[in-house]
């Protein structure tokens, strides 16, 4: 991927995204957490998710209806995997999260009141729909549905 991709999707915004998601769910497994950034750091996906009305078909239906959002998902996943790991390590070292069998939120930061710009505000608006979209699938099912190739 281009160097600009990494500059645009860095550990600072990634850490904020992780904390925002963890504030809503409390904890999650590490493998599942690695799927957050490919969804929420992609501007087209975020724009779609902000206005998305969750349906019965969930993620599988969304993938079939909006293929353009998922054609490069595996590529985004692989490109953002180091950023995910670095962000989680930074959050762990700063004691914002605890990493064990699951990642657990320890943060006292309130990111809902923070003004980190339009991009982060859009991501914040997309998080509830993202969580609804992936809630009914196990981590294994998510990796299979999204066709993640390691």
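The values are calculated or read from the model by the stated rules, or taken from the named source; none is laboratory data. Everything numeric here is computed off the predicted structure, so don't read it as measured data. Backbone-built Cβ (ideal geometry, glycine too); neighbour counts: all protein chains shown.
For the reader, a short list of remarks on this structure follows.
- Selection status of residue 127, under 14 Å from the mean Cα position of the chain (by Cα) and closer than 22 Å to residue 145 by Cβ: yes
- Any hit, region 31-43, residues being surrounded by fewer than 16 Cβ atoms within 10 Å (Cβ to Cβ), modelled with pLDDT of 95 or more and closer than 20 Å to residue 104 by Cα: yes
- Selected residue (criterion: farthest from residue 119 (Cα to Cα)) from residues of region 20-52 that are part of a loop (DSSP other than H, G, I, E, B) and without any contact (Cβ under 8 Å) to a residue 40 or more places away in the chain: 51
- For region 61-79, a tally of residues being in contact (Cβ under 8 Å) with a residue 60 or more places away in the chain and either in contact with a helix residue (DSSP H, G or I) (Cβ under 6 Å, 6 or more places away or on another chain) or surrounded by 18 or more Cβ atoms within 10 Å (Cβ to Cβ) (or both) returns 5.
- Residue 82 outside any loop (DSSP other than H, G, I, E, B) and either without any contact (Cβ under 8 Å) to a residue 24 or more places away in the chain or touching a helix residue (DSSP H, G or I) at 6+ places or on another chain (Cβ under 7 Å) (or both): yes
- Of residues in region 53-68 being part of a loop (DSSP other than H, G, I, E, B) and either touching a strand residue (DSSP E or B) at 6+ places or on another chain (Cβ under 8 Å) or at pLDDT below 90 (or both), the one farthest from residue 137 (Cα to Cα): 53
- Scanning region 1-16 for residues that are modelled with pLDDT under 90 and assigned to a helix (DSSP H, G or I) yields 3, 4, 5, 6, 7, 8.
- Subset of region 88-109 (residues that are crowded, with 16+ Cβ neighbours inside 10 Å and part of a helix (DSSP H, G or I)): 88, 90, 91
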